[in-house]
1. Report Rg (one decimal) and Dmax (nearest whole number) for region 1-57, counting Cα atoms only, units Å.
2. Within the chain, what percent of beta bridges assigned by DSSP are antiparallel, to the nearest 5?
3. Place the peptides 31-38, 116-123, 20-27 in order of packing, highest mean first, counting for every residue the other Cβ atoms within 10 Å and averaging per peptide.
4. Using r as the Cβ-Cβ distance of Phe103 and Leu30, and R0 as 30 Å, what FRET efficiency do you calculate, to the nearest 0.05?
5. List residues of region 14-48, by number, whose backbone nitrogen lies under 20 Å from a label position 7 Å along Cα→C-beta of Arg148.
6. Pairs Lys89/Lys177; Lys19/Lys157; Lys111/Lys175; Lys5/Lys96: which exceed 28 Å Cα-Cα?
7. Could you line up Val47, Val80 from fewest to most neighbouring Cβ atoms inside 10 Å?
8. Calculated FRET efficiency, Met1 and Lys46, Cβ-Cβ r, R0 25 Å, to nearest 0.05?
Amino acid sequence: MKTFKVLNLYSCLGGNRYKWTDCEVTAIELDSEAARLYQERFPNDKVIIGDAHQYLLDHFQEFDFIWSSPPCPSHSRVRVSQKTRENFKFIYPDLKLYEEIIFLDNFFKGKYVVENVIPFYEPLIPAKKRGRHLYWTNFNLPNDLGERKNLNNIIEKGTIKQLSEFHNYDFTKYKGKQRLNKMARNLVDYEAGLTIFNVARGLITREKQEVPQLFDNL
């Protein structure tokens, strides 16, 4: 059987990847401390410390499935809510997000998903909204990604201990420069990550659902 090759961009600590099986994963992460912990968590994955945006351009043809979670702070609605604060730093939204969507949609032959926060502006390219995230894909997504019911409450109000229990990972291991609560709250729920992965592989399809309407259209 052909190996299912996956590229996991901006992999951080692998929240989306946690329940993936029967695949060969290459993970790209710029934060060396996060990359170290990702490798510890997923010892069989190939982990590369580097620029995920450039790696995608150079290596996209080598994979069957690509997941990309570009940095979200410049798109977050939190930025608008903080704009009246003293010493607030104004920055442009990082449009690498849309560069990757356009590139993958036109040149990649496999299945892809680009994930990000719901932005403070109307998305420049229509996306599928699921929970706290937007997903751009070239395949249909179920309306229900299987996210756990207490997700929003944990993300918004949970302590590091509660977030660690929820994601089944001890975030206090991280000794890098990112804030622990920010890192923990930005992780995709691993049940959603598994559902999307299984749909991309064809393990979940509209035809296999008892209620086909649970799938949206592209």
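Bear in mind these aren't lab numbers, they're just calculated from the coordinates by the rules spelled out. Since the model is a prediction, treat every value here as computed from it, not as a measurement. Here the Cβ positions follow ideal geometry from the backbone for every residue, glycine too, while neighbour counts run over all protein chains shown.
1. Considering region 1-57 through its Cα atoms, Rg and Dmax are 10.8, 35 Å.
2. 35
3. So the order, starting with the most tightly packed, is 31-38, 20-27, 116-123.
4. Once the sixth-power term is evaluated, E becomes 0.95.
5. Flagged as within label range: 14-21, 38, 41-42.
6. Lys111/Lys175
7. Val80, Val47
8. Efficiency computed from Cβ-Cβ geometry: 0.80.
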